[in-house]
Amino acid sequence: MTGAYQRNGKRWDDSGQERIAGKTAGKQTINYGGRDMKLNIEEKKILYAFGCRSHENTVRRLKWVTALTVDEKVKRRVLCLARKLDDGGVGEWYPCFYHHLRLEMEGYFEAKKHIRMVEKSTDWEEFYGKAV
């Protein structure tokens, strides 16, 4: 192991908080309807917060969020996501995709909650001794 986590010969380059159930939460390629869509964790969080089962309403809502956002980086990120979803043919498979996204993100936030609980409940001085 050289600076990365390894399991079953596979290498993970991200932190333990971003790793859930043996897979990374970073960019993943999602193939629906013969099309590949890559979403990173920030785009998934945006969809989790502002998305719904209706493709048209989600795209419209993301465009409104883009118009109301002040921060340029966030505005660009939300607009890029709205353009990805506004691509032709996405409306056919979007409800199934959104359902799987909700399940994945609920698992992600549940894992983060458990990590925070473990960090708070563990007495690290017991393991390593008192700090000098």
> Does any residue of the range 57-71 turn out to be on the phi < 0 side of the Ramachandran plot, touching a residue at least 24 places away in the same chain (Cβ under 8 Å) and under 19 Å from the mean Cα position of the chain (by Cα)?
Replying inline: yes
> Does Val90 meet the test of being in contact with a Ser or Thr (Cβ under 6 Å, 6 or more places away or on another chain) and either within 18 Å of Met37 (Cβ to Cβ) or charged (D, E, K, R) (or both)?
Replying inline: no
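Please enumerate the residues belonging to the range 64-91 that are hydrophobic (A, V, I, L, M, F, W, C) and closer than 15 Å to Glu42 by Cβ. So that I can check it myself, show each step before the final result.
Of all residues in the range 64-91, those hydrophobic (A, V, I, L, M, F, W, C) come to 64-65, 67-68, 70, 74, 78-82, 85, 90.
Hits for the range 64-91 are Val65, Val74, Val78, Leu79, Cys80, Leu81, Ala82, Leu85.
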>> If I filter the range 5-26 for residues that are surrounded by fewer than 13 Cβ atoms within 10 Å (Cβ to Cβ) and modelled with pLDDT of 60 or more, do I get at least one hit?
In response: no
>> Can you list residue pairs whose Cβ atoms sit under 9 Å apart, with the first residue in the range 108-120 being within 20 Å of Asn40 (Cβ to Cβ) and the second being assigned to a helix (DSSP H, G or I) and of a type in the set (A, V, I, L, M)? Count only pairs 6 or more apart in sequence or on different chains.
In response: Tyr108/Ile41
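The values are calculated or read from the model by the stated rules, or taken from the named source; none is laboratory data. Note that the structure is a prediction, hence the values are computed from the model and not measured. Neighbour counts run over all protein chains shown; Cβ positions are idealised from the backbone, glycine included.
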